[in-house]
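The structure appears below as structure tokens.
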Amino acid sequence: MNPVVDAFTLLRRAADLLPDGAVSASGVTAGDVREEIGCREWELALYLLVDLGDSRSVRAPLAFWELLAEAARQMMLDRSSRWCRWRARETEHGVFRATLTLLTPEEGGTRRSAFDGDGRLVPVWDIGLRTADGERSTSIARLWVESAETLGPGETADVRLAPLTPEHWTHLARGDVLIMHEGRPVVGTATVTEASRPALG
């Protein structure tokens with residue numbers, strides 16, 4: 001049986017996967033992170049590593065996100081662990097982002113309360129697919145709300161989607177409209193802002 005690797009070691013290994021010149025949008029460098037790890041500021045180091053990994057100028061590999069997800073789990077930072085697992089999935093399958101507006105009850109929406117936006121909601125989506133006989137064919141995707149912890153009726157937010165069958169979503173492009181369902185009722189509409197495939201190499 002393999003020995004359990006502690007969070008400190010996992011963070012150090014993740015940092016070692018970043019190029020020395022990596023810099024986040026907020027100016028954090030790989031050197032800054034290694035300094036925090038050396039001071040055993042584990043939670044701050046995790047935050048800075050996630051910030052670096054989320055930077056568009058840094059192509060963090062799958063192993064980077066897997067290491068951070070396990071480190072966050074050991075540190076009992078559940079939301080951070082879920083986010084790192086989410087980013088690992090995006091590394092494998094691509095990124096789908098959209099601007100989502102939930103309908104109010106007055107607009108015909110059936111949702112009466114806000115939901116947590118941390119990737120646990122799994123709604124059904126009409127993404128324009130049809131069966132051979134012309135009937136609507138829906139697809140399932142998890143939902144992560146960016147820059148907000150919850151989203152409620154009448155509110156709009158940028159979201160990320162994690163399709164359970166990514167191959168069904170390859171036709172989507174910026175500007176396409178998706179319909180969100182919980183069961184059969186429509187609860188919101190979303191406009192695609194990014195539909196990217198996994199980076200090669």
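Among the residues making up the range 66-121, those that are over 26 Å from Thr165 (Cβ atoms) and basic (Lys, Arg) are Arg73, Arg112. Just to be sure before I move on: is Thr110 in contact (Cβ under 8 Å) with a residue 60 or more places away in the chain and hydroxyl-bearing (Ser, Thr, Tyr) in the structure I sent? Spelling it out, Thr110 is indeed in contact (Cβ under 8 Å) with a residue 60 or more places away in the chain and hydroxyl-bearing (Ser, Thr, Tyr). Taking the criterion of being out of contact with any helix residue (DSSP H, G or I) (no Cβ under 6 Å at 6 or more places or on another chain) and farther than 23 Å from Gly175 by Cα, the residues of the range 105-120 that qualify are Pro105, Glu106, Gly108, Thr110, Arg111, Arg112, Ser113, Ala114, Phe115, Asp116, Arg120.
Please specify each residue of the range 73-106 satisfying the condition of being assigned to a helix (DSSP H, G or I) and touching a residue at least 40 places away in the same chain (Cβ under 8 Å). Before the answer, list the steps.
First pass over the range 73-106, keeping only residues assigned to a helix (DSSP H, G or I): 73-74, 78-93, 105-106.
Within the range 73-106, Gln74, Trp83, Trp86, Arg89, Glu90, Thr91, Glu92, His93, Pro105 meet the criteria.
State which residue is modelled with the highest pLDDT when the search covers only the range 155-176 and only residues that are among the β-branched types (Val, Ile, Thr) and surrounded by fewer than 18 Cβ atoms within 10 Å (Cβ to Cβ). Even if it seems obvious, please write down each step before you answer.
Looking only at the range 155-176, we keep the residues that are among the β-branched types (Val, Ile, Thr), and these are 156, 159, 165, 170.
Filter once more, so that each one left must be surrounded by fewer than 18 Cβ atoms within 10 Å (Cβ to Cβ): 156, 165, 170.
Working: Thr156: 97, Thr165: 92, Thr170: 91.
So the residue we want is Thr156.
Reported count of residues in the range 108-157, each being within 15 Å of the chain's Cα centre (by Cα), assigned to a loop (DSSP other than H, G, I, E, B) and of a type in the set (Asp, Glu), is 2.
The values are calculated or read from the model by the stated rules, or taken from the named source; none is laboratory data. Quantities reported herein were computed from a predicted structural model and do not represent experimental measurements. Here the Cβ is made from the backbone with ideal geometry for all residues, glycine too, and neighbour counts use every protein chain on show.
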